[in-house]
1. Quick one: putting +1 on the C-beta of Lys and Arg, -1 on the C-beta of Asp and Glu, what dipole do you get for the chain around its Cα centre, in Debye to the nearest 20?
2. With an 8 Å Cα cut-off and a minimum separation of 6 or more residues, compute the relative contact order for the range 6-161 in percent.
3. If you count the DSSP beta bridges with both ends in the chain, what percent of them are antiparallel, to the nearest 5?
4. Can you give me the C-alpha center-to-center distance between the range 133-148 and the range 68-106, rounded to a whole angstrom?
5. Could you put F125, F214 in order, starting from the residue whose Cβ has the fewest other Cβ atoms within 10 Å?
6. Please report the net charge: other residues with Cβ closer than 13 Å to the Cβ of E58, K and R +1, D and E -1.
7. Provide the gained length on full extension for the span E178 to Q215, in nm with one decimal, where the gain is 0.36 nm per separating residue minus the Cα-Cα distance.
8. For T161, enumerate residues with amide H under 5 Å from its amide H, sequence gap 5+ or separate chain, H modeled in the peptide plane.
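Read the figures in this text as sums done on the coordinates, not as results from a lab. Values in this document were obtained by computation on a predicted structure and should not be read as measured data. Every residue, glycine among them, receives a Cβ derived from its backbone with ideal geometry; neighbour counts consider all protein chains shown.
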Amino acid sequence: MAPLVSCVWYRNPTLLGKIATTVDIISNGRLILGIGAGWHEPEFKAYYGLYPTIKEREDALEETAQILRSMLHKRETTFNGKRYRVENLVNIPPPIQKAIPIMIGGSGERRTLRTAAKYGDISHFFANNAEEVERKIRILKEHCRKSNRDFPEIAIGTSLTPIVEDGHLSAQSRDYIEACVGLGVSIFTIRFSPLGNIAIEIQRKFAEEIIPSFQA
């Protein structure tokens, strides 16, 4: 079990950037850095004793994304925002990757997808069906257009929980993946934990029955 993204409120952006750089180095350039605005109220209160407004969380996400994009792509970073300020930061040693991919996680159509359009390399959102995936992609494209960003520069990710019927994988899982691939999704995060005691067995079946259908 691991978080899909790091909540930007839990670490200063420059500290998170150094952590990301170190992980990229020790993993020989395998890191995808996922960040999100955060949503889990009990966790916020446990860390801070407060739960910021959605605007405060989205503002922090947008500024953090800008700092990280500079810090992980350039030699020196200076940034003056409403929440964060960075002056002449030099990130040495640099990461292995010339540009660590930044994944913006979240489904918010007005702010989160806009931040992904501006500063993300990957936009990962949750959806309940292929129609919703198509809608999110359409909105992301519109944000890209308004931001003068080339939409093909951004990879699309979404998640799914395999559908199980009588202990067996349903064909709906494969159908959903096929539909999403047709829409341009290239990254899937598979959630097995909600399946409880049969999670390990379904994970094995998924690897044997589903993944081979989508290997190049």
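1. 960
2. 21
3. Numbers: 6 of 23 bridges.
Beta bridges within the chain, antiparallel portion: roughly 25 percent.
4. The two parts, judged by their Cα centres, are 24 Å apart.
5. Numbers: F125 24, F214 11.
By the 10 Å Cβ count, ascending: F214, F125.
6. Numbers: positive: K55, R57, K82, R83, R110, R111, R114, K118; negative: E56, D59, E62, E63, E109.
Once all neighbours under 13 Å are counted, the net charge is +3.
7. On the way: separation 37, 0.36 × 37 = 13.32 nm, distance 1.21 nm.
Taking 0.36 nm per residue and subtracting the Cα distance, the gain is 12.1 nm.
8. Hits under the 5 Å cutoff: R191.
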